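Have a look at the structure below, then the notes.
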Amino acid sequence: MSTGAVITAAGMVTALGDTAASTTAAVRARLTRFREWPSYPCLPADPPRPEEPFSVVAAYTDLPRALDLPVRLLALALQDLATSADLARADLEDASFFLARPSPGPSAHHHELRDAFRERVADAAGIDAVTRGLLAPDGHAAMLLGLAHAARAVEADPGTPWIVAGADALVDVGLLEALDHARRLKSRRNLDGFIPGEAAAALLVEHRRRAEARGAPILAEIEGSGVGQEPQTIESGDPPSGAALAAALAAACAAGGPPAWVLCDLNGESYRAKEWGLARVRAPALLGGVRALWHPADGYGDVGAATGGCLAAACVRSFERGAARASPAGRAALFAGSGDGTRAAVCLVSAAAKRA
């Protein structure tokens, strides 16, 4: 079954590249850009005070605050989107926006940035339509939820395109401290954690008829989507069930069957790896034939609310280059899970596969 929703452009900025094309090439080549930040060194050992457990793994000296980094990153991703698809500013103004905001942090600056995110992005990118955009829920799943929403919206109103966009930066002092005390940062003293990153992504979703009428290249079709709610969240300390992830993937892949290629938000935390394993046990017929599992956080770190968009941009660029050898059928399943238990999945099909 076809939804009629297609992706016709993608933009992305990460530590691996300043465009979707360069980042995807780096991900395929399994490159990394991780460096130890001199201002945030890993502590060698716990202080010798066993009666006072010391949870943090790092200490900062003069690490600057991220300020409006997510805003600047998203402006660059929108520029890449427009440049790669030869879009004019008027094309972007005609679109509806679905925005994933930066992850919530403990400081007043985080709350100020989140509250004014649409307005700041609109000013930085020069696109007034952003101020009228819908705001996504928080977390890794945000932009996949956005793709599902955009697919439904263009089916209902084929004349209005949607831009699903988001950005995040986990390198702010306050946020790093909170993650550190929660024992979620990866280091020599804590291997069960992730490396924080920063990124932005933007995808243009429109109805197939509209795209064909204006002669736009179709990068991928949104074949299906699914959502689930995991009761044992990562903050609970309890192991995940894997049921919500399995259900989300089953719904996303219902139209086309089991995927051979999966792109996901595994980031080094054992909770996420265990959940993926449990989902495969729960749905062996669906997930037992997965031949390639991409988790790009290995290369550019955990990018928070931008995660789903970065997965989708890497997928469609791989389709465009014919580089998705893991999926000869030209299909890929994408999944991501937010901290509140939301699990989202989307199945994308390449244009070449649709023509076959």
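The values are calculated or read from the model by the stated rules, or taken from the named source; none is laboratory data. Just so it is clear, the model here is predicted, and its values are computed rather than measured. When we count neighbours, we look across all protein chains shown, and the Cβ atoms used for this are built from the backbone with ideal geometry, even at glycine. Calculation scope for accessible area: heavy atoms of the full protein, side chains included, ligands and nucleic acids excluded. Shrake-Rupley method; radii C 1.70, N 1.55, O 1.52, S 1.80 Å.
The length gained by stretching the chain between Ala90 and His181 to full extension, at 0.36 nm per residue less their Cα-Cα distance, is 28.2 nm.
Ordering 300-310, 77-87 by mean Cβ neighbour count within 10 Å, with the highest value first, yields 300-310, 77-87. Count Lys and Arg as plus one, Asp and Glu as minus one, and take only other residues whose Cβ is under 9 Å from that of Gly339; the net charge is then -3.
Taking every alpha-carbon pair under 8 Å whose residues sit at least 6 apart, the range 175-309 reaches a relative contact order of 29 percent.
For the chain, which whole percent of the accessible surface, found with a 1.4 angstrom probe, sits on carbon and sulfur atoms? The C+S portion of the solvent-accessible surface of the chain is 53 percent. Summing Cβ point charges (Lys, Arg +1; Asp, Glu -1) relative to the Cα centre of the range 124-201 gives a dipole of roughly 340 debye. Rolling a 1.4 Å probe over the heavy atoms of the protein chains gives the range 192-287 an accessible area of 37 Å² per residue.
The charge dipole of the chain, taken about its Cα centre with unit charges on the Cβ atoms of Lys, Arg (+1), Asp and Glu (-1) only, comes to about 1360 debye. Rounded, prolate or oblate: which fits the range 210-324, taking a ≥ b ≥ c as square roots of the Cα gyration tensor eigenvalues, rounded meaning a/c under 1.5, else prolate when a/b beats b/c? Since a/c reaches 1.5 and a/b is larger than b/c, the shape of the range 210-324 is classed as prolate. Given their separation in residues at 0.36 nm each and the Cα-Cα distance between them, Ala285 and Ala254 gain 10.0 nm when the chain is fully extended. On a per residue basis, the range 71-139 carries 46 Å² of accessible surface, using protein heavy atoms and a 1.4 Å probe. Modelled label positions at Ala29 and Arg188, each set 7 Å beyond Cα in the direction of Cβ, lie 2.9 nm from each other.
Ranking Arg30, Arg317 from most to least accessible surface, computed with a 1.4 Å probe over the protein chains only, gives Arg30, Arg317. Per-residue ellipticity at 222 nm from helix content only, as computed over the chain with -39500 (n - 2.57) for each DSSP H run of at least four residues, stands at -10500 deg cm²/dmol. For the peptides 150-157, 220-227, 6-13, the ranking by mean Cβ contacts within 10 Å, running from highest to lowest, is 6-13, 220-227, 150-157. Once the dipole of the chain is set up with Lys and Arg at +1 and Asp and Glu at -1 on Cβ about the Cα centre, which of Thr233, Thr32, Ala252 lies farthest towards its positive end? Most positive-ward Cα: Ala252. The distance from the alpha carbon centre of the range 8-39 to that of the range 292-325 is 10 Å, rounded to a whole number.
I'm spelling it out carefully: the read-out is percent of Cα pairs over 36 Å apart, the candidates are (1) 22; (2) 38; (3) 17, and one was derived from this structure. Which label? Label of the calculated value: (3). To the nearest Å, what is the center-to-center distance of the range 76-120 and the range 185-216, using C-alpha atoms only? The two parts, judged by their Cα centres, are 13 Å apart.
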